[in-house]
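Report on the structure given below.
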Amino acid sequence: MDWTQIITAFLSVGLIGAVLGAVLAYASKVFHVEVDPKVEKIAEILPQANCGACGYPGCSKYAEEIVVNGVDVTLCTPGGQDVIDKIASIMGVEATAGKAMVAYCACQGSKENAKDRFEYYGPKNCSDAAFISGGQKTCDYGCLGFGECVEACAFGAMYMDEKTGLPVVIDEKCVGCGACVKACPKDVMKMMPKDSKVYLACNSKAKGKEVMDACKVGCIGCKICTTPKVTPSGALKMEGDLPVINFDIEDALVNAKFKCPKSCFIDKGDTEKTPEQVAKEKADWKAIEAEKTAAVKKAALAKAAAAKAAKEAAANS
C-alpha cells in the first residue's frame, strides 16, 4: 500500500474543500440580503398552517409580502382578529378582520339521492375521477364523494359521512381558509358567513328534467324561492337555472326553505332541533301562511264588494 498517494489524495481533497468553503463564505457575504426583522416577527405570529387562504404560498411568504409590498394585514383567516391585531401593531396600522366565513357542501347527492352513470374503479380521489367523463355521477355538478376536500383541510374541520358519502363541515373548527373550495374539482364546496344559517344545498346548473333524472333532491329551477312574495328582501336571485343567495342581505330565508318543492335549502339551525320541533316549525309556518292568504282573499272580496256597491249606487242616482 502506497501511503504517500493516500496522504496526497487526502490533502488534495481537504485543500479543495477549504478553497470551496472560502468561496462560498465570500459569496454569502457578497450576495447576502438583509431580512427586515418585521418579516421574522410576523412569520412567528402567523399560525404556520400554510393553507394558502391569504393567496400566498405559505405563511413566511405572506409575512414578507406584508412588510415589503404593503399587502393587506387582514388576509389570514385562520389567525382571526387576534393575529391581525398583532401584525397591525408591528406594522403600525389599524385593521379589522372581515366577516368570519365557513365552508359548506352545496350538494345533497348522497348514495340514495343521486344516481351513478357507471362504476368507477380508478384512483379514489375526486380530481382523477372527474377526468373520466366528469365523474361517475349522473349529475355533472354533484359531489363525487372521494373526500379530496377533507384531505385538503389542515384544521380537521371536515369528515366524510359514511352513510351519505358526502363531506360534512364542522363549523366550530372551520377557519374559512377556503382550501376545500380550491380542492374540489366540481365546485361543490362553497363559503358562507359563519353567522348565516340557511344555504342552498344544490350546485346543478342543468335544466329541471335533467336534474330530476339525476337526483331526487336537486334544484329544478322553478324560481318560486326568488319571487318577491317569497323573498321580498331580494336575498335570492336566479343565475341561469339556479338561485343564488346574497348573504350581504339579512334574511332568514324561512319562506324559501319551506316553499322549495325539492327541499334544497338547508337550515343549519335544524341540526340542533328534534324532528318533532322541525315538523312543528313547518306546521306553524303553514298556518301563518294560510292566515295571510285568507286575509288577502278577504280583503280582495271586501274591495270587490265595495266597488260593486259604489257602482250600483252610481247607477241608481
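The values are calculated or read from the model by the stated rules, or taken from the named source; none is laboratory data. All figures in this text were calculated on a predicted structure; none of them were measured in a lab. Because the Cβ atoms are built from the backbone with ideal geometry, glycine has one as well, and the counts that use them run over all protein chains shown.
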Quick test of your reading of the structure: residue 67 fulfils all but one of (1) surrounded by fewer than 17 Cβ atoms within 10 Å (Cβ to Cβ); (2) of a type outside the set (S, T, N, Q); (3) in a helix (DSSP H, G or I). Name the failing condition by number. (1)
Being farther than 14 Å from residue 261 by Cα and crowded, with 22+ Cβ neighbours inside 10 Å is the filter here, so list the residues in region 207-234 that pass it. 214, 231
From 121, 141, 159, residue being surrounded by fewer than 18 Cβ atoms within 10 Å (Cβ to Cβ), under 30 Å from residue 215 (Cβ atoms) and within 21 Å of the chain's Cα centre (by Cα): 159
Just to be sure I understand the filter: pairs with C-beta atoms under 7 Å, separated by 6 or more residues or on different chains, first member in region 60-81 and among the charged types (D, E, K, R), second member modelled with pLDDT of 85 or more. Which pairs pass? 65/56; 65/71
Looking at (1) in contact with a helix residue (DSSP H, G or I) (Cβ under 7 Å, 6 or more places away or on another chain); (2) closer than 19 Å to residue 145 by Cβ; (3) part of a loop (DSSP other than H, G, I, E, B), can you tell me which one residue 230 breaks? (2)
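Would you mind finding the one in 65, 112, 40, 34 that is over 29 Å from residue 191 (Cα atoms), out of contact with any helix residue (DSSP H, G or I) (no Cβ under 6 Å at 6 or more places or on another chain), acidic (Asp, Glu) and at pLDDT 85 or above?
Numbers: 65 fails: over 29 Å from residue 191 (Cα atoms); 112 fails: over 29 Å from residue 191 (Cα atoms); 34 fails: at pLDDT 85 or above.
The conditions single out 40.
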Qualifying residues in region 142-167 (those that are modelled with pLDDT of 95 or more and among the aromatic types (Phe, Trp, Tyr)) - the one nearest to residue 116 (Cα to Cα): 146
